[in-house]
């Protein structure tokens with residue numbers, strides 16, 4: 001007597017995607033585990049309802065930080081040294097001056113001080129347009145028709161809603177977040193040097209972009225792309241050298257009586273990450289009870305797309321989710337801007353992934369028992 005396992009069925013025709021989702025060939029047991037994980041993910045996003053509300057401090061934080069960055073740029077334009085000007089501005093605003101990372105790297109402020117405001121705005125809008133164009137090129141082969149591609153681009157626009165606000169032009173996360181999104185879109189197995197260079201620029205504007213670069217280095221090494229991994233690693237070595245000079249320059253202007261940072265061990269959890277992503281995208285227009293689960297659906301959607309780019313993007317999201325959940329504070333919700341531009345695009349991949357997952361979980365193919373006669 002023998003047991004014949006049911007033959008694998010061919011995937012159902014895609015709804016929106018050009019090919020089957022990642023879940024299209026799962027067996028019933030795997031699909032049920034996957035469906036359970038998806039339900040748990042949606043439930044976890046509701047932790048945002050109990051997390052500190054960054055929206056209540058967003059206005060004050062944005063205004064005070066914008067004023068701080070503006071004062072620094074004005075001081076440099078007046079002939080001041082970046083580090084002296086920044087130290088004085090931090091003291092006037094009652095900001096901490098220790099450790100040295102409380103001082104932003106000088107690149108953005110120095111450029112802004114020597115370039116007219118209209119040129120900076122043009123550069124920002126050009127970066128937004130270039131990032132959108134790069135993602136259009138990467139997303140176009142993923143969809144069967146114009147409608148889903150249009151929806152994906154509209155979702156991309158929803159993720160970049162905060163990035164076209166002129167009053168946020170001095171925010172380092174605005175520039176670094178766009179550069180990370182552009183780097184992701186341009187990176188290919190056979191063409192990665194431009195992505196590495198853009199990642200380096202992102203780190204020189206906001207050093208927390210090193211998390212993105214580190215993840216890309218690890219993934220390149222894991223995939224056997226040794227030269228690419230070396231490229232990402234070399235860019236981090238450049239950042240380490242810059243940070244060493246930066247720390248030395250900060251030490252020259254900080255006084256023993258200057259206040260220190262309260263630390264970044266916020267331990268606010270996954271719910272705070274979700275809330276930060278809602279505050280950083282167009283989801284902020286929706287009630288939190290609706291917006292929070294959509295963050296989970298977007299993450300699920302990125303897991304659904306069968307494309308190496310999707311795996312890298314999802315891993316970057318997970319890395320910054322850990323950063324925000326472990327080290328974020330209520331007044332540092334804007335760290336979410338580092339990954340906000342492309343998060344919502346995952347919603348365009350979710351319909352196929354969810355349909356395939358449910359279909360496989362409900363698979364009722366029978367196991368055939370046969371009697372063997374010798």
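The values are calculated or read from the model by the stated rules, or taken from the named source; none is laboratory data. This structure is a prediction, so every number in the text was calculated from the model and none was measured. Cβ sites come from the backbone with ideal geometry, for glycine too, and all protein chains shown count toward neighbours.
At a glance:
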{"quantity": "Answer from 201, 196, 218, 210 - the residue that is without any contact (Cβ under 8 Å) to a residue 40 or more places away in the chain, surrounded by 22 or more Cβ atoms within 10 Å (Cβ to Cβ) and within 18 Å of the chain's Cα centre (by Cα)", "calculated": "196"}
{"quantity": "Sole residue being touching a helix residue (DSSP H, G or I) at 6+ places or on another chain (Cβ under 8 Å), assigned to a helix (DSSP H, G or I) and under 25 Å from residue 183 (Cα atoms), chosen from 119, 137, 85", "calculated": "137"}
{"quantity": "Count - residues of segment 303-345 that are at pLDDT below 95, more than 22 Å from residue 141 (Cβ to Cβ) and part of a loop (DSSP other than H, G, I, E, B)", "calculated": "2"}
{"quantity": "Given (1) in a helix (DSSP H, G or I); (2) over 22 Å from residue 160 (Cβ atoms); (3) modelled with pLDDT under 95, index of the condition residue 373 fails", "calculated": "(1)"}
{"quantity": "Single unsatisfied condition, residue 185 versus (1) more than 13 Å from the chain's Cα centre (by Cα); (2) buried (at least 22 other Cβ atoms within 10 Å of the Cβ); (3) over 21 Å from residue 284 (Cα atoms)", "calculated": "(1)"}
{"quantity": "In segment 153-182, residue surrounded by the most Cβ atoms within 10 Å (Cβ to Cβ) [restricted to those that are part of a helix (DSSP H, G or I) and either without any contact (Cβ under 8 Å) to a residue 24 or more places away in the chain or in contact with a strand residue (DSSP E or B) (Cβ under 7 Å, 6 or more places away or on another chain) (or both)]", "calculated": "153"}
{"quantity": "Contacts under 8 angstrom Cβ, first residue in segment 127-141 being within 18 Å of residue 174 (Cα to Cα), partner outside any helix (DSSP H, G or I), 6 or more apart", "calculated": "128/160; 131/160; 132/160; 135/345"}
{"quantity": "Set 268, 299, 294: member being surrounded by 20 or more Cβ atoms within 10 Å (Cβ to Cβ) and assigned to a loop (DSSP other than H, G, I, E, B)", "calculated": "268"}
{"quantity": "Of all residues making up segment 121-133, the number that are under 17 Å from residue 167 (Cβ atoms) and surrounded by fewer than 17 Cβ atoms within 10 Å (Cβ to Cβ)", "calculated": "4"}
{"quantity": "Test for residue 224: is it outside any helix (DSSP H, G or I), without any contact (Cβ under 8 Å) to a residue 40 or more places away in the chain and out of contact with any strand residue (DSSP E or B) (no Cβ under 7 Å at 6 or more places or on another chain)", "calculated": "yes"}
{"quantity": "Conditions (1) farther than 30 Å from residue 309 by Cβ; (2) modelled with pLDDT of 95 or more; (3) outside any helix (DSSP H, G or I); number of the one not met by residue 95", "calculated": "(2)"}
{"quantity": "Evaluation of residue 256 against (1) assigned to a loop (DSSP other than H, G, I, E, B); (2) buried (at least 20 other Cβ atoms within 10 Å of the Cβ) (one fails), failing number", "calculated": "(2)"}
{"quantity": "Any chance residue 92 is touching a residue at least 24 places away in the same chain (Cβ under 8 Å) and either over 25 Å from residue 204 (Cβ atoms) or touching a helix residue (DSSP H, G or I) at 6+ places or on another chain (Cβ under 9 Å) (or both)", "calculated": "no"}
{"quantity": "Some residue of segment 140-149 being more than 30 Å from residue 260 (Cα to Cα), surrounded by fewer than 20 Cβ atoms within 10 Å (Cβ to Cβ) and under 19 Å from the mean Cα position of the chain (by Cα)", "calculated": "no"}
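Each row is one residue, and each column tells you yes or no for (1) closer than 26 Å to residue 286 by Cβ; (2) in a loop (DSSP other than H, G, I, E, B); (3) at pLDDT 95 or above; (4) out of contact with any helix residue (DSSP H, G or I) (no Cβ under 9 Å at 6 or more places or on another chain).
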site: 3; (1), (2), (3), (4): no, no, no, yes
site: 7; (1), (2), (3), (4): no, yes, no, yes
site: 10; (1), (2), (3), (4): no, yes, no, yes
site: 13; (1), (2), (3), (4): no, yes, no, yes
site: 23; (1), (2), (3), (4): no, yes, no, no
site: 31; (1), (2), (3), (4): no, no, no, no
site: 41; (1), (2), (3), (4): yes, no, yes, no
site: 44; (1), (2), (3), (4): yes, no, yes, no
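Quick grid of which residues meet (1) in contact with a helix residue (DSSP H, G or I) (Cβ under 7 Å, 6 or more places away or on another chain); (2) more than 24 Å from residue 171 (Cβ to Cβ):
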{"residue": "297", "(1), (2)": "yes, yes"}
{"residue": "306", "(1), (2)": "no, yes"}
{"residue": "331", "(1), (2)": "yes, no"}
{"residue": "338", "(1), (2)": "yes, no"}
{"residue": "345", "(1), (2)": "yes, no"}
{"residue": "357", "(1), (2)": "yes, yes"}
